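Where a number appears in this text, it was derived from the coordinates with a stated rule and is not lab data. What you see is a predicted model, and the numbers here were worked out from it, not measured in a lab. Cβ sites come from the backbone with ideal geometry, for glycine too, and all protein chains shown count toward neighbours.
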Amino acid sequence: MKKILFFIIIVAFLAVLSLPLLQMKFDFVKEQQLVGVFSSTEQPMWTKDNWFAGNFQATSTSWFEDNFGFRSYLVKTDNQINWTVFNEISSKTNTRLIRGLDNYLYEYAYIDEYSRRPEKKITDLEWEVQMLKRFQDELKKRGIEFLFVISPSKAALYPEYIPASYIFGDRQSLSRSYDIVVDYLDTYGVQYIDGHTIVRNIKDQTDYEVFTKGGTHWNYYAACKVNEQIIGKLEILFGKKMNHVVCDPPIVDTDAYGMDEDLIGLTNIWTDEDVVGSVPHPPLDIQEPNNTFIPNMLFVGDSFSHPLLQVMDNRVYRYRELLYYFKRRITFDNGVYSETTDDILNWERNIGDKDIVILENNESYMHDIGFGFVEYALTILESGMYDDT
């Protein structure tokens, strides 16, 4: 009887060990979707050269680690154990994630900037604003308006949930780059919308959240409220009425979607119930006055542009272009999106036929406003090479 039991145990043990290999071969259970940074390796082919060079073993091991059966289930289980038992985030991402108080999630880079690290030179920040002013003036000469939009940082809006060990108390008396830049914007007369102040007022004066617990970007309600101010400013600049997107009253529930759950998605855990919180959703109806002006817009910005543009798409305009980090060109044309990395800045197409250029930049990244776009555009504008087109 003992031999039979021992035999059964051995067979069961071997069967369990063989399951990942069987899953790799037959894929009889659908793998879970993982989010984050992954190495992409093809299954290596054995050759005499790579065998004797010692490469075959290393590439085979790397490929197996990324492709063994039930990998996604084991990864999520391991991450869930670390999250629940050890209060840690162990998912592999290209950005460091911090689990804050009351399960608010942050990207470390934003916390670091909120702690005034590294400190930026005031002269460099003033130069960034001077470039914006020159750009605004050059566009104005050609009948094109300009608007600079500052998007808010979660760390700056919700510092109360950042663990104390990540805050450098001795640096809190220093001015942030954001504060310095805003002062210079006023001094030099740059047209701008301060999303930080708008969103902070919502947080301080209402019960609505402006960032979700599990997201790194402003939520759609906050983006909608900033859009209200943008449209109001554009109506003044153009002297014309435009479409308005309705933000209030929002529908409040706990259903986060899209960019409202981008950080919790990166944790790759089984359940996100710990980060469930209040989420306001704007109605996004359109108020169309008579003789509505539909401008032709160029946006330049970072990932915070996406919630803002999703609020505006097909409501404020029918066509727009986004130069995303000045590396990719993303167009929206009557509901159709397209993307390319070719010919990022074509003067006649990207700027010359536009009514306005809107540059969005997060308050945590004021040392490189526009990601090289402003400098590049100024070389074209100030040279006058396209002034006769």
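Remarks
- Sequence-separation-based contact order of the chain, relative, with Cα cut under 8 Å and 6+ spacing, percent: 18 percent
- Prolate/oblate/rounded label for segment 278-389 (Cα gyration tensor, a/c 1.5): oblate
- Geometric descriptor of the chain, per residue, is 231 Å³ (volume of the convex hull of the Cα atoms).
- Cut-off 20 Å, label 7 Å out along Cα→Cβ of Gln229, residues of segment 98-125 by amide N: 114
- Between Gln205, Gln229, Gln136, the residue with the greatest mean-square fluctuation in the GNM of the chain (Cα pairs under 10 Å linked by springs) is Gln205.
- If you plug the beta carbon distance of Ser278 and Met45 into 1/(1 + (r/R0)^6) with R0 = 51 Å, you get a FRET efficiency near 0.45.
- Rounded to the nearest 20 debye, the dipole size of segment 90-219 about its Cα centre is 400 debye, using +1 on the Cβ of Lys and Arg and -1 on the Cβ of Asp and Glu.
- Most mobile listed residue (Gly214, Gly301, Gly258) in the chain, GNM with C-alpha springs under 10 Å: Gly258
- Helix-only [θ]222 nm of the chain, DSSP H runs n ≥ 4, -39500 (n - 2.57) each, per residue, nearest 500: -12500 deg cm²/dmol
- Whole-angstrom Cα spans of segment 190-277 along principal axes, big to small: 52, 26, 23
- Placed amide H near Phe211: partners under 5 Å, 5+ positions off or other chain: Asn219
- Seen against the Cα atoms of the chain and their longest principal axis, helix 71-86 is set at about 80 degrees.
- Between Phe168 and Thr197, the contour length at 0.36 nm per residue exceeds the Cα-Cα span by 8.1 nm.
- Largest GNM mean-square fluctuation among Tyr106, Tyr337, Tyr365, using the chain with Cα springs under 10 Å: Tyr337.
- The fewest-to-most ranking of Phe146, Phe293 by surrounding Cβ atoms within 10 Å reads Phe293, Phe146.
- Kirkwood hydrodynamic radius over Cα pairs of segment 162-227, then Stokes diffusion coefficient at 37 °C and 0.692 mPa s, in µm²/s: 231 µm²/s
- Positive-end residue, segment 225-295 charge dipole about Cα centroid, Cβ charges, pick of Thr267, Gly277, Val252: Val252
- Neighbours of Val245 by Cβ distance under 11 Å: Lys/Arg scored +1, Asp/Glu scored -1, total -3.
- At q = 0.10, 0.14 Å⁻¹ the log10 of I(q)/I(0) for segment 206-345 amounts to -0.39, -0.73, computed by Debye summation with a single uniform scatterer per C-alpha, solvent ignored.
- Listing Val252, Val357 from fewest to most neighbouring C-beta atoms within 10 Å gives Val252, Val357.
- Computed from the C-beta positions of Val336 and Asn296 and an R0 of 22 Å, the FRET efficiency is 0.85 to the nearest 0.05.
- Rounded to the nearest 20 debye, dipole of segment 105-383 from Cβ charges on Lys, Arg, Asp, Glu: 780 debye
- Each of Leu105, Leu139 was scored by other Cβ atoms within 10 Å of its Cβ. Listed from fewest to most, they are Leu139, Leu105.
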